[in-house]
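Have a look at the structure below, then the notes.
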Amino acid sequence: YKVKDSGKNHYTIYNESMDNESQLTIENSLRKAIEREEFELHYQPQFMLEKGQLIGMEALLRWNTASQGYVPPSDFIPIAEETGLILPIGEWVLREACKQSVVWEKQGFARIRIAVNISSLQFQQSDFIDSVAKILAETEAKATCIELEITESVAIGFIENTISKLSKLKEMGFHIAMDDFGTGYSSLQYMSKLPIDRIKIDRSFISLLNTSNKNDTIVKLIVMMAKGLNFKVIAEGVETENQKAFLKSIDCDEVQGYLMSRPLKLEDCNRFLTETEGRVQL
Ligand code: C2E
Ligand code: CA
Ligand code: CA
Ligand code: CA
């Protein structure tokens, strides 16, 4: 990826391998995707490392197109963000996750919290809180069953604003996670002020575990900092037993990754819930 200056102080990210034409094609079909019902949510379970208890599911957006099958998020989320289409798409995702949380609660899986990715453009809208409140009311979902995943980039330059928005969301009952932690620009000073529940250590750190002492030290420090600040800490992208063992040895609370489970289609997710009652051997 490269950052391109598209004028008006507006920077966009584009994929070099993607020419303008295919970008336009994606943009045009993206505009119709919601009404054509081409979006789905897949769910990736998250577990407590100590006892293997299920704590939640991350909702991951999938675009199932008639012509090309599944288009990966990395191919369309950047375009959706550039064009603002992420706003209606993000609302669709949150509404869908809220509806699913009501269904799971009715089925007796009340402990499942669904983590929803919120793009910074979405979070920065002045009516973000209103639109979230509207979706909650409409779906009758409980905010405590929803975790909002935001990235460090939401806060750049608007710390006070971010803190007050996050505080309101927390008052409403939402859980807040800081996604992709370690890849952005958060200062340590600002970490101590943010009203969040959980830090998600980015997969790039996890994939290097046991290969570099320096990397292992950083991960250890992130876990210690999270604990000291009373945040839960989850490692994303856990793929190997060795990575899991290291995370356990440094007292990381929670894990998510292919080792435990890939993101699941709803029907597979339901089968997983029924068969395991949300508990796996870790
Ligand atoms: P993310 O939020 O960091 O999500 C985690 C990504 O890592 C997902 O990719 C997931 O499938 C993948 N993953 C999980 N475990 C493993 C593992 O063990 N190994 C490896 N190699 N990968 C793993 P996915 O689903 O392709 O999503 C990519 C990104 O797209 C997400 O990164 C997120 O930034 C964005 N995204 C996905 N759904 C949404 C959405 O509903 N809204 C917004 N705004 N962004 C979304
Ligand atoms: Ca995420
Ligand atoms: Ca992440
Ligand atoms: Ca990531």
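Using a 1.4 angstrom probe on the protein heavy atoms only, could you order Tyr190, Tyr70 from most to least accessible area?
Tyr70, Tyr190
Using only alpha carbon pairs under 8 Å that are at least six residues apart, calculate the relative contact order of region 158-200 and give it in whole percent.
Dividing the mean separation by the residue count of region 158-200 yields 52 percent.
What residue among Met224, Met178, Met260 has the largest mean-square fluctuation in a Gaussian network model of the chain, using Cα springs under 10 Å?
Between Met224, Met178, Met260, it is Met224 that shows the largest mean-square fluctuation.
Under the definition of Cα pairs under 8 Å and six or more residues apart, what whole-number percent is the relative contact order of region 236-277?
With pairs under 8 Å counted, the relative contact order is 44 percent.
From the backbone phi of region 217-225, what are the Karplus-calculated ³J(HN,Hα) couplings (6.51 cos²θ - 1.76 cosθ + 1.60, θ = phi - 60°) in whole Hz, Gly and Pro given as x?
These are the phi-based 3J(HN,Hα) values: 5, 4, 4, 4, 5, 4, 5, 4, 5 Hz.
Whole-Hz Karplus ³J(HN,Hα) for region 119-130, in order, using 6.51 cos²θ - 1.76 cosθ + 1.60 and θ = phi - 60°, x for Gly and Pro?
Couplings: 6, 5, 4, 4, 4, 7, 4, 5, 9, 4, 4, 4 Hz.
Check which residues have an amide H placed less than 5 Å from Thr65's amide H, if you skip close sequence neighbours.
Amide H neighbours of Thr65, under 5 Å, 5+ apart: Tyr70, Val71.
If you rank Arg36, Arg198 by how much accessible surface each has, with a 1.4 Å probe, what is the order from largest down?
I get Arg36, Arg198, largest accessible area first.
How would region 110-212 be classified by its alpha-carbon gyration tensor: rounded, prolate or oblate, with rounded meaning a/c under 1.5 and the a/b versus b/c comparison settling the rest?
Verdict is oblate for region 110-212.
Roughly how many whole Å is it from the C-alpha centroid of region 230-273 to that of region 134-148?
Using only Cα atoms, the two centres lie 25 Å from each other.
Roughly how many Å² of Val103 are accessible to a 1.4 Å probe, to the nearest 10?
Rounded to the nearest 10, the figure is 60 Å².
Nearest 5 percent is fine: what portion of the DSSP beta bridges confined to the chain is antiparallel?
If we restrict to bridges inside the chain, about 45 percent are antiparallel.
Run the numbers on the chain and let me know its relative contact order in percent, using alpha-carbon pairs under 8 Å that are six or more apart.
The normalised contact order for the chain reaches 18 percent.
If I compute solvent accessible area with a 1.4 Å probe over the protein chains, what percent of it on the chain is carbon and sulfur?
Here carbon and sulfur together make up 49 percent of the probe-accessible area.
Name the residue farthest towards the positive end of the dipole of the chain from the options Leu209, Asn230, Gln107, assuming +1 on Cβ of Lys and Arg, -1 on Cβ of Asp and Glu, about the Cα centre.
Going by the Cα projections, it comes out as Asn230.
Any chance you could look up the accessible area of Glu81 with a 1.4 Å probe, heavy atoms only, rounded to 10 Å²?
80
What net charge do the residues around Phe181 carry, taking every other residue with its C-beta under 11 Å from that of Phe181, with Lys and Arg at +1 and Asp and Glu at -1?
For residues surrounding Phe181, the net value is -3.
Taking H as built 1.01 Å from N, whose amide H comes closer than 5 Å to the amide H of Thr151, not counting residues under 5 places away?
Excluding prolines and chain starts, which carry no amide H, the hits are Asp179.
Which ³J(HN,Hα) values in Hz, rounded to whole numbers, follow from the phi angles of region 191-198 under the Karplus curve 6.51 cos²θ - 1.76 cosθ + 1.60, where θ = phi - 60° and Gly and Pro get x?
Couplings: 4, 6, 9, 6, x, 10, 9, 8 Hz.
How big is the antiparallel share of DSSP beta bridges in region 18-174, given as a percent to the nearest 5?
For region 18-174, the DSSP antiparallel bridge percentage is about 60.
What accessible surface, in Å², does a 1.4 Å probe find on Asp251, ignoring ligands, DNA and RNA and rounding to the nearest 10?
Rounded to the nearest 10, the figure is 100 Å².
Amide H of Glu58: which non-local residues (sequence gap of 5 or more, or other chain) have their own amide H closer than 5 Å, using H built in the peptide plane?
Gln44, Gln46, Ala115
The values are calculated or read from the model by the stated rules, or taken from the named source; none is laboratory data. All values derive from a computational prediction rather than experimental measurement. Heads up, the Cβs are rebuilt from the backbone with ideal geometry, glycines too, and the neighbour counts pull from every protein chain shown. Heads up: the accessible areas ignore ligands, DNA and RNA and are worked out on the full protein's heavy atoms, side chains in. Shrake-Rupley method; radii C 1.70, N 1.55, O 1.52, S 1.80 Å.
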